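Quick notes on the structure that follows.
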Amino acid sequence: MGQYIDGIRGPITVHDPAAPYKADDEMTITLSDWYHDQAPDLLNYFLSAANENDHKGAEPIPKSALMQDTQNAKFNVAPNKTYLLRIVNMGVFAGQYFSIDGHQMTVVEIDGVYVEPQKTDQIYLTVAQRCSVLISTKSDASKNFAISAAMDTDMFDSVPPGLDPNVYGFLVYDTKKSLPKPAPITTFAPLDEMTIVPKDHMALLGKVDHQIVMTMDFFDDGGINRATVNNVTYIGQKVPPLYTALTTGSSATNPAVYGVNSNAFVLKPNEVVEIVVNNHDTGNHPWHLHGHNFQIVARSAAKAGDYPGAAATADAASSPVRRDTVTVNTGGWAVLRFKADNPGVWLFHCHIEWHVEAGLSATIVESPTSLQGSLNVPWDHLKSCKDQGVQTRGNAAGNTKDFLDLRGAITTNPKHNWGALVNPPSSRTKARSIGRGFVA
């Protein structure tokens, strides 16, 4: 946490030689939000009593939107060509709407899953979501076209005066011709992701073996705005869960060894797992699962209340949309399914970075005894942990003899959270100035 917010980030593309969709060329377009103050100070103020008192625990509001980590980016194209655009929201907080003037997009992939082609004029990407689209260029190079994106300001507790949520780029056919004057997005009608069908037509997973219900919310923790899953705030432990899974033998199948605040759920091999997320917060949340793409079996509208039970999934698609990040609407719920066929320790978390630090995460421990026989941790990883004083054996408390003795496990949050900043500043003057301009 910290480096990502401050810009140490970027897209990585894994090319598939057997991709089902062909294009003459491809480009990657990144969307993000940007802050004028560095993450450690913003984070320290966000998780403070002062923020709870002055702003009711609000998240820092970005100062601007970026495309390609800049504004007014140019993308050169030629007439009569088909381009594959890989669009990534690698931001911190805001979802983004995206469209290209004069060019319809055909969605062909989301979050690494090929899909049946769907035409649309606009897409919406919450943070961490990815989408690949095909566009066909015009038959001549007589003019250039604007590319527009807009932050979803409904996610902000307030919209500061003067904030421009829009960012623009340009599809450039002729570098000698003028660029058009872009217009902000004012109509928000993106493609409904629930109508997307995976190209492999994978059938709805049935006969659920293991249902996990997670209810998320925020609460006032001694004057600080904290997040919870099932009334538990995620807190990192003395021994990271992966090392606990590898070094506790058969006890690794017991969620208790990972510590209460790891929010651990243990899965058996090849179970069909259903995760129900109930959102008790007043905002939408993009939930992201490591290690799997899940089927979005059903999702409620905002303010629908908690998941009412299996009857609500009776009309699920025969081949539901599949991806690894889903928005759970405010006051609503989502039902997700996947098969536990990838042993590992996977984080399931809200991908708003401020919420990760507030504890809005859970740990999915999948087939830990299988993992013990298949994964060897490289020596340099172990050395890095040793150099930082991080223990790599035993339960959450570092106990290597009695794995159910959790005395010493971490159950309280740090008094002052500076994220990735190793040496906290000696003065809080900067943090106080952050507070004065936090949401304005």
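Brief remarks follow.
- Test: residue in the stretch 270-291 that is buried (at least 22 other Cβ atoms within 10 Å of the Cβ), β-branched (Val, Ile, Thr) and more than 30 Å from VAL115 (Cα to Cα): no
- Of all residues in the stretch 373-415, those satisfying the criterion of being part of a helix (DSSP H, G or I) and surrounded by 14 or more Cβ atoms within 10 Å (Cβ to Cβ) are LEU382, CYS385.
- Screening the stretch 394-434 for residues that are over 23 Å from SER262 (Cβ atoms) and among the hydroxyl-bearing types (Ser, Thr, Tyr) and picking the one that is modelled with the lowest pLDDT gives THR429.
- All conditions but one from (1) over 22 Å from ALA128 (Cβ atoms); (2) at pLDDT below 95 apply to LEU382; the one that does not is (2).
- Residue tally, condition of a type in the set (Asp, Glu) and not in a strand (DSSP E or B), over the stretch 344-372: 2
- Members of the stretch 221-232 that are in a loop (DSSP other than H, G, I, E, B) and at pLDDT 95 or above: ASN230, ASN231
- In the set (1) part of a loop (DSSP other than H, G, I, E, B); (2) without any contact (Cβ under 8 Å) to a residue 12 or more places away in the chain; (3) assigned by TED's automatic domain parsing to the domain that holds PRO240; (4) of a type outside the set (Lys, Arg), the condition left unmet by ASP341 is number (2).
- Flag if LEU163 is touching a Cys at 6+ places or on another chain (Cβ under 8 Å) and within 27 Å of HIS351 (Cα to Cα): no
- Test: residue in the stretch 171-188 that is in a strand (DSSP E or B), touching a residue at least 60 places away in the same chain (Cβ under 8 Å) and either of a type in the set (Ser, Thr, Tyr) or touching a strand residue (DSSP E or B) at 6+ places or on another chain (Cβ under 8 Å) (or both): yes
- Note on the stretch 70-94: among residues that are outside any strand (DSSP E or B) and over 18 Å from the mean Cα position of the chain (by Cα), the one that is surrounded by the fewest Cβ atoms within 10 Å (Cβ to Cβ) is ASN80.
- Number of the exception - ALA183 against (1) within 16 Å of HIS103 (Cβ to Cβ); (2) at pLDDT 95 or above; (3) not acidic (Asp, Glu): (2)
- Filtered by the rule that a residue be under 23 Å from GLN38 (Cβ atoms) and among the hydroxyl-bearing types (Ser, Thr, Tyr), the stretch 54-82 gives SER64, THR70.
- Condition met for GLU26 (of a type outside the set (S, T, N, Q) and within 22 Å of ASP154 (Cα to Cα)): no
- Note on the stretch 1-41: residues that are aliphatic (A, V, I, L, M) and closer than 22 Å to LEU85 by Cβ total 8.
- ASN51 vs. criteria closer than 21 Å to MET155 by Cβ and either of a type in the set (D, E, K, R) or in the same structural domain as PHE145 (by TED's automatic domain parsing) (or both): yes
The values are calculated or read from the model by the stated rules, or taken from the named source; none is laboratory data. It should be emphasised that the depicted structure is a prediction, and the values quoted were computed from it without experimental measurement. Counting neighbours? That spans all protein chains shown, and the Cβs are built from the backbone with ideal geometry, glycine included.
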